[in-house]
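Comments concern the structure below.
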Amino acid sequence: MTCTEFLALLDDLIDDSVTPEARAELQQHLRGCEHCEVTLNTTRKTIEIYRSHEIYDLPPASANASTPPSWPAAKKAAERFPPPRPIRRTPLKAEPGI
């Protein structure tokens, strides 16, 4: 199993809706792939944190605003610090003899 295949089945694994055969393949992959193990654990922890907090409704005045009026500091920071430009990557060139 590849990491891409693992990620495609991640939701089903977390929801416990994979077949026993698929579960065995996923577990086998996790034994040898630290990256996917971290991804699984982080996703589970994120869901756990999200579920443990109470959900609050936005006040009607700010429900349609991109930056709610209750966050003036965030709005100021967004104006002062625009998002970073994308990084332009150049392809690596193979050295002779490699």
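The values are calculated or read from the model by the stated rules, or taken from the named source; none is laboratory data. None of the values given here were measured: they were computed from a predicted structure. Every residue, glycine as well, gets a Cβ built from its backbone with ideal geometry; the counts of neighbours run over all protein chains shown.
Here is a check on your reading of the model: is residue 70 part of a loop (DSSP other than H, G, I, E, B), at pLDDT 65 or above and either in contact with a strand residue (DSSP E or B) (Cβ under 6 Å, 6 or more places away or on another chain) or of a type in the set (S, T, N, Q) (or both)? When the stated conditions are applied, residue 70 does not pass them.
In segment 6-29, what count of residues is obtained for those that are free of Cβ contacts under 8 Å to residues at least 24 places away in the same chain and part of a helix (DSSP H, G or I)?
Residues of segment 6-29 that are free of Cβ contacts under 8 Å to residues at least 24 places away in the same chain, as a first pass: 8-9, 11-12, 15-24, 27.
Next, from what is left, pick out any that are part of a helix (DSSP H, G or I): 8-9, 11-12, 20-24, 27.
Going through segment 6-29 one residue at a time, the tally reaches 10.
Only a single criterion out of (1) β-branched (Val, Ile, Thr); (2) part of a loop (DSSP other than H, G, I, E, B); (3) at pLDDT 90 or above is not satisfied by residue 90, namely (3). Which of the residues belonging to segment 31-55 are out of contact with any Phe, Trp or Tyr (no Cβ under 6 Å at 6 or more places or on another chain), in a helix (DSSP H, G or I) and in contact (Cβ under 8 Å) with a residue 12 or more places away in the chain? Those that are out of contact with any Phe, Trp or Tyr (no Cβ under 6 Å at 6 or more places or on another chain), in a helix (DSSP H, G or I) and in contact (Cβ under 8 Å) with a residue 12 or more places away in the chain: 35, 39, 40, 43, 44, 47.
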